[in-house]
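Below is one structure; the comments refer to it alone.
The values are calculated or read from the model by the stated rules, or taken from the named source; none is laboratory data. What you are looking at is a predicted structure, and each value in this text was computed from that prediction instead of being measured. Here the Cβ positions follow ideal geometry from the backbone for every residue, glycine too, while neighbour counts run over all protein chains shown.
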Amino acid sequence: MDVLVTGAAGYIGSHAVLALLRQGRRVLALDNLSRGHRAAVRALEGEAARRGGELVFAEGDVGDAELVRGLLARHRVPAVMHFAALAYVGESVEQPLRYYRNNTASALTLLEACAAAGVSRFIFSSTCATYGEPGPGWIPIPETCPQSPINPYGWSKLHTERMLFDLAARARAEGRDFGVAALRYFNVAGCDRAGLLGEHHHPETHLIPVVLQAALGVRRNFGGAENAVTVFGDDYPTPDGTCVRDYVHVEDLVGAHLRVLEVLGAGEVRTYNLGIGTGYSVRQIIEACRRVTGRDFEVRRGPRRPGDPPMLYADPSKIGRELGWSASITDLDQIVESAWTWLAANPTGYTGLPG
């Protein structure tokens, strides 16, 4: 095996597995299927078979020490891409200990197993939520922005970064070959443009799929109470009054992971912000979805949500300077179209697919 991918049946993890298979790499995929999808695994297994590649799927939890140690011992994986996590901000506020157990404690178990097995490269799926609410002077957000999360989700990821960096420092002091990277995501969007994989959360909270589900009339399939889109605040100090966010296409995002995997050296610690370097507003997203789908849908005005900054978008120049990576899919309609292609073909998401 070349790479262990955790959270391999989830949205980003499955796209990472697909990209690795398309590179000809052998992949060990781990997911407990609590929020991932067996149908996504079946699609990936089909892709591996078509390409003559090797994909081994293990159903289980990253926090299961015996399972993870056994997998690493049997398959001798030199590199790990760690995506497995709970990722609902509101849920993290309501269930903080669950998030620290799942995101931080499980990562500790995984890192202990990796250290024992001699894993030499570790790429961590982190988040811009570690920055909290940066002030106006920090927009666009560079990696030097102070990290001060405002919710347990962000803290659970920041604690994992700290563990990872401390482990790397110790390995370096002992002369062991261990390179790590923490990649901090902004808003990940879109789907595999070939239509093999999609985005399916329940409930769905990401803006682009929420709007597309409303356009298709299937919001209830994904935990929505009604077939409408609510704009939470339209009086922000932004060009059209709605919040502005950075939307990076999932294929570009996993492309950055592959690039980091190629160059990450012994003893290195790298941190990168992954985004397109500009932002789109909620209103722009809604209008792009109308253009792409050719459909109209109900849009309602709601109150501001606590803790929603007016603008958040990345400064991705560091990874551009150091690795030559930049997002290639930056046109909003193209991003939306890739998501619409999959959803229109799978209106119940992975639920209606064999798995």
Is there a residue being surrounded by 22 or more Cβ atoms within 10 Å (Cβ to Cβ) and of a type in the set (Asp, Glu) anywhere in the stretch 195-210?
yes
Residue satisfying all of: in the stretch 285-302; closer than 17 Å to residue 244 by Cα and without any contact (Cβ under 8 Å) to a residue 60 or more places away in the chain; farthest from the chain's Cα centre (by Cα) among these
287
For residue 219, the lone unmet condition from (1) under 13 Å from residue 343 (Cα atoms); (2) surrounded by 20 or more Cβ atoms within 10 Å (Cβ to Cβ); (3) of a type outside the set (Val, Ile, Thr); (4) modelled with pLDDT of 95 or more is (4)
Within the stretch 90-116, which residues are surrounded by 19 or more Cβ atoms within 10 Å (Cβ to Cβ) and of a type in the set (A, V, I, L, M)?
107, 110, 111, 113
Collect the residues in the stretch 115-162 that are within 20 Å of residue 277 (Cβ to Cβ), in a helix (DSSP H, G or I) and either modelled with pLDDT of 95 or more or among the hydroxyl-bearing types (Ser, Thr, Tyr) (or both), keeping them in residue-number order.
128, 129, 130, 131, 138
Give the residues of the stretch 19-36 that are crowded, with 24+ Cβ neighbours inside 10 Å and either touching a residue at least 60 places away in the same chain (Cβ under 8 Å) or not acidic (Asp, Glu) (or both), sorted by residue number.
20, 27, 28, 29, 30, 36
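Does residue 92 meet the test of being closer than 30 Å to residue 278 by Cβ, touching a Gly at 6+ places or on another chain (Cβ under 6 Å) and at pLDDT 95 or above? Steps first, answer last, please.
On the way: closer than 30 Å to residue 278 by Cβ: yes; touching a Gly at 6+ places or on another chain (Cβ under 6 Å): no; at pLDDT 95 or above: yes.
In short, no.
Is it fair to say residue 172 is out of contact with any helix residue (DSSP H, G or I) (no Cβ under 8 Å at 6 or more places or on another chain), basic (Lys, Arg) and either modelled with pLDDT under 95 or not in a loop (DSSP other than H, G, I, E, B) (or both)?
Numbers: out of contact with any helix residue (DSSP H, G or I) (no Cβ under 8 Å at 6 or more places or on another chain): yes; basic (Lys, Arg): yes; either modelled with pLDDT under 95 or not in a loop (DSSP other than H, G, I, E, B) (or both): yes.
Spelling it out, residue 172 is indeed out of contact with any helix residue (DSSP H, G or I) (no Cβ under 8 Å at 6 or more places or on another chain), basic (Lys, Arg) and either modelled with pLDDT under 95 or not in a loop (DSSP other than H, G, I, E, B) (or both).
Kindly provide the set of residues from the stretch 237-281 that are more than 20 Å from residue 126 (Cα to Cα) and of a type in the set (Gly, Ala, Ser), ordered by number. It would help to see each step written out before you state the result.
Looking only at the stretch 237-281, we keep the residues that are more than 20 Å from residue 126 (Cα to Cα), and these are 237-244, 266, 280-281.
Selection gives 241, 266, 281.
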Hits in the stretch 96-125 - residues which are touching a residue at least 24 places away in the same chain (Cβ under 8 Å) and closer than 19 Å to residue 36 by Cβ:
99, 101, 102, 103, 106, 107, 109, 110, 123, 124, 125
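Starting from residues that are more than 24 Å from the chain's Cα centre (by Cα) and of a type in the set (A, V, I, L, M), keep the ones in the stretch 222-247 and report whichever is surrounded by the most Cβ atoms within 10 Å (Cβ to Cβ). It would help to see each step written out before you state the result.
If we filter the stretch 222-247 for residues that are more than 24 Å from the chain's Cα centre (by Cα), which is where we start, we get 225-228, 233-241.
Okay, now just the ones that are also of a type in the set (A, V, I, L, M), so 225, 228.
Working: 225: 8, 228: 13.
Restricting to residues being more than 24 Å from the chain's Cα centre (by Cα) and of a type in the set (A, V, I, L, M), the top hit is 228.
Here is a list: 327, 314. Which entry is closer than 25 Å to residue 151 by Cβ and surrounded by 14 or more Cβ atoms within 10 Å (Cβ to Cβ)? Don't jump to the end; show me each part of the working.
Working: 327 fails: closer than 25 Å to residue 151 by Cβ.
Every option except 314 fails the conditions.
Just to be sure, is residue 148 over 24 Å from residue 244 (Cα atoms) and among the polar types (S, T, N, Q)? Talk me through it step by step, then tell me what you get.
On the way: over 24 Å from residue 244 (Cα atoms): no; among the polar types (S, T, N, Q): yes.
So residue 148 fails the test.
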